[in-house]
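> Next up is a structure, given as structure tokens.
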């Protein structure tokens, strides 16, 4: 019971709720974080001896709050803190607080904390860094490693983000239904950003950033428990689970990306897929579709196909058409074209993406897909040009390697013909 | 007598487990289960998905009401169960303690079973 791994997991799990409640109390992010930190130190001293409290989250909030108050009283006259065992009626106060925490304002506490991290003034990278630091409690060192920057640079980035947030008008009033929905949407987008930061990493960075995907899933689950009737939050959670399930199969030993069709599906994590499928099934039962649900439904069709040739591309085409209507974007159309090429052939797919050239001309995936369609149509020279442009635009070594494989195959086929 | 050992734990904590920790807990539990199976005392074992995947049917009204989430909002959630043959409560508590060493944290509710139909599903 006093196993340090257990205490660590408990502190990590309690963190979002505890920091959120302390933030409501202190109305200052730094003060809330410090109070939580203080409470954690006391937990590490106390719990191994006395056993864990009945409600660890409430204990941390209460002790964090008391410690901060003591600290402010103590300023100027160094006086020893009373040990926790002397804090009167801690048990009763804990129960009392836990009961109040079950009230609805508690979920608004957590939503507020998450919402503060996606302040519209903050660029995406700062939102992610702030969320990872404040909500997930990752160390500056861990975050710096994930973003491939120095610890000092990351420290500065987070400090700046906090200053920006503190200068803003943090929303402490209880939100109305419309506001709450808006906050929820902003927070969902931020969580998906955190996920994609981890998911898009490759090679050495993939290892350092892999836990960002786990973290995003954990945050989504937390949000879903607080807002259990929101199909879009179910969809977001399902989407991330279904995508992350493929992680063990996405890169080869050299760190090069492996396309969905070529992945060893036996490596996909079954437990995550099962949970993702259960969640998207549950979300769609509510008949209130949204972009996350549609994307999760697409991921579910891939997950359900035991072999690539079992994939229901016609249904995927339909789902992308739905997504195009909900969220028109050339990138969605480009993705749809891949499904179209499987259902109606590369000619239809090429016709679908040609009009996107002005907007996607600088996009790696556009030229990669175009090259593949041209290759399918037996136009190798044009395909080669498209692949060359894709390589020039590749953002990661894995992307470039993947395209190079196409080019190598073209060269081999060419050589065979000569 | 058959006993159900119902596993309650804070699912936030369980979801915060690292993959390695999760694998270790499952392996440690597996070792205890193997021992029980060899002794012919192990019945069905289940691990449940998080309560976020749960749906509740309130059937005390007509038509029944379908709600998202678990039946009750509690600090610790029902996350799985074991069915185990024990001679008496004393042995049931001993067995639960052994399982608890493999998976510390949370609580086990030990409930004697009234009925168990054999499963027609493949294991």
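The values are calculated or read from the model by the stated rules, or taken from the named source; none is laboratory data. Note that the structure is predicted; figures quoted are calculated from it, not measured. Don't worry about glycine lacking a Cβ; one is built from the backbone with ideal geometry, like all the others, and counts go over all protein chains shown.
> Give me the residue from region A:240-251 that is away from chain B (no Cβ under 14 Å) and in a helix (DSSP H, G or I) and, out of that set, surrounded by the most Cβ atoms within 10 Å (Cβ to Cβ).
A:243
> Answer yes if at least one residue in region A:35-43 is within 17 Å of residue A:114 (Cβ to Cβ), at pLDDT 90 or above and not assigned by TED's automatic domain parsing to the domain that holds residue A:220, and no otherwise.
yes
> Just need a number here: residues in region B:62-74 that are under 25 Å from residue A:222 (Cβ atoms) and exposed (fewer than 15 other Cβ atoms within 10 Å of the Cβ).
Residues flagged as under 25 Å from residue A:222 (Cβ atoms) and exposed (fewer than 15 other Cβ atoms within 10 Å of the Cβ) within region B:62-74 amount to 6.
> Which numbered condition trips up residue A:229, out of (1) within 14 Å of chain B (Cβ to nearest Cβ); (2) part of a helix (DSSP H, G or I)?
Tallying (1) within 14 Å of chain B (Cβ to nearest Cβ); (2) part of a helix (DSSP H, G or I), residue A:229 fails exactly one: (2).
> Pick from region B:75-86 the residues that are modelled with pLDDT under 95 and in contact with a strand residue (DSSP E or B) (Cβ under 8 Å, 6 or more places away or on another chain): which of them is farthest from residue B:4 (Cα to Cα)?
By that ranking, first place goes to B:76.
> Then there's this: Give region B:1-55 a look and list any residue that's part of a strand (DSSP E or B), away from chain A (no Cβ under 14 Å) and touching a helix residue (DSSP H, G or I) at 6+ places or on another chain (Cβ under 7 Å), or say none.
B:3, B:5, B:42, B:45, listed by residue number.
> So, in region A:13-28, of the ones that are assigned to a helix (DSSP H, G or I) and surrounded by fewer than 21 Cβ atoms within 10 Å (Cβ to Cβ), which residue ends up farthest from the other protein chains (Cβ to nearest Cβ)?
The residue in question is A:26.
> Name the residue, out of A:343, A:338, that is surrounded by fewer than 18 Cβ atoms within 10 Å (Cβ to Cβ), touching a residue at least 24 places away in the same chain (Cβ under 8 Å) and assigned to a helix (DSSP H, G or I).
Result: A:343 is the single residue among A:343, A:338 that is surrounded by fewer than 18 Cβ atoms within 10 Å (Cβ to Cβ), touching a residue at least 24 places away in the same chain (Cβ under 8 Å) and assigned to a helix (DSSP H, G or I).
> Would you point out which residue out of B:78, B:67 is within 10 Å of chain A (Cβ to nearest Cβ) and assigned to a strand (DSSP E or B)?
After ruling out the rest, the residue left standing is B:67.
> Residue check, residue A:286 against (1) under 21 Å from residue A:222 (Cβ atoms); (2) free of Cβ contacts under 8 Å to residues at least 12 places away in the same chain; (3) in contact with a strand residue (DSSP E or B) (Cβ under 9 Å, 6 or more places away or on another chain), all met but one. Which one?
All conditions pass for residue A:286, except number (2).
> On to the next question. Among the residues of region B:1-27, write down those that are in contact (Cβ under 8 Å) with a residue 24 or more places away in the chain and surrounded by fewer than 15 Cβ atoms within 10 Å (Cβ to Cβ).
The answer is B:1, and nothing else.
> Can you tell me which of (1) over 18 Å from the mean Cα position of the chain (by Cα); (2) closer than 29 Å to residue A:209 by Cβ; (3) modelled with pLDDT under 80 is the one residue A:146 doesn't meet?
(1)
> Could you please let me know if residue A:181 is surrounded by 18 or more Cβ atoms within 10 Å (Cβ to Cβ) and assigned by TED's automatic domain parsing to the domain that holds residue A:130?
no
> Next question, about the same structure. State yes or no: is residue A:254 more than 30 Å from residue B:70 (Cα to Cα), modelled with pLDDT of 95 or more and either away from every other protein chain (no Cβ under 14 Å) or surrounded by 14 or more Cβ atoms within 10 Å (Cβ to Cβ) (or both)?
No.
> Determine which member of the set A:152, A:216 is modelled with pLDDT of 90 or more and either buried (at least 18 other Cβ atoms within 10 Å of the Cβ) or not in a helix (DSSP H, G or I) (or both).
A:216
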